[in-house]
Amino acid sequence: MNLFIYYIFESVGDNVRNFLMKAAEFMRGRYGNDKLNTLILILAGVLYLINLFVRSPIMVVVILLLIGLAVFRALSTNINKRLYENNRYLSICTAVSDFFKRQYMKVRDFKTHRYISCPYCKAQLRLKKRTGVQHIHCPKCGQDFKKNILF
């Protein structure tokens with residue numbers, strides 16, 4: 001990476017080099033960009049494209065607020081708070097994506113397996129498709145329970 005930066009600095013003129021050095025110095029100690037900022041900017045871009053057809057002044061204000069929020073987050077010096085916000089966003093994204101993966105697996109394995117949840121820890125368990133009462137041991141919490149599989 002340093003070789004790339006060195007090449008950039010060597011290939012540009014003095015004015016551009018001075019500007020890049022000042023910009024790098026300004027950003028030292030700032031938070032920068034992350035996945036949440038990327039989402040905010042993509043949302044602002046989508047709203048802008050929608051606003052090309054709708055022409056709403058309220059939407060313009062919302063777009064400007066979203067861009068301002070992204071710039072504020074990128075230039076913030078409170079790095080711990082921005083990391084906390086980004087980690088919360090990533091945990092929500094992981095939960096949503098895990099939910100949809102489980103739904104896909106339920107549809108994919110419908111002919112061969114059944115998915116049930118443990119009544120104690122709510123973990124999703126994958127069972128072979130057999131009808132009748134099954135004795136189940138949850139690997140997550142270690143509890144044993146019975147479940148009647150009807151079809």
Test L75 against the stated conditions and say whether it is more than 25 Å from R28 (Cβ to Cβ) and out of contact with any Asp or Glu (no Cβ under 9 Å at 6 or more places or on another chain).
no
Identify all residues within region 25-42 that are over 17 Å from L83 (Cβ atoms), hydrophobic (A, V, I, L, M, F, W, C) and loosely packed, with under 15 Cβ neighbours inside 10 Å; write none if there are none.
F26, I42
Those residues of region 90-116 which are open to solvent by less than 80 Å² (accessible area, probe 1.4 Å) and out of contact with any strand residue (DSSP E or B) (no Cβ under 6 Å at 6 or more places or on another chain), in sequence order:
L90, S91, C93, T94, A95, V96, S97, D98, Q103, M105, D109, T112
Only residues in region 115-143 that are over 23 Å from F100 (Cβ atoms) and in contact (Cβ under 8 Å) with a residue 24 or more places away in the chain count as the first member; pair them with residues that are of a type in the set (S, T, N, Q) and surrounded by 12 or more Cβ atoms within 10 Å (Cβ to Cβ), Cβ under 9 angstrom, at least 6 apart or cross-chain, and list the lot.
P119/Q143; Y120/Q143
Among the residues of region 61-74, which ones are of a type in the set (A, V, I, L, M) and either in contact with a Leu (Cβ under 9 Å, 6 or more places away or on another chain) or open to solvent by less than 60 Å² (accessible area, probe 1.4 Å) (or both)?
V62, I63, L66, I67, A70, A74
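The values are calculated or read from the model by the stated rules, or taken from the named source; none is laboratory data. Everything quoted here is computed from the prediction, not taken from an experiment. With ideal geometry, Cβ positions are generated from the backbone for all residues, glycine too; neighbour counts draw on all protein chains shown. With ligands, DNA and RNA removed, areas are computed over all heavy atoms of the protein, side chains included. Shrake-Rupley method; radii C 1.70, N 1.55, O 1.52, S 1.80 Å.
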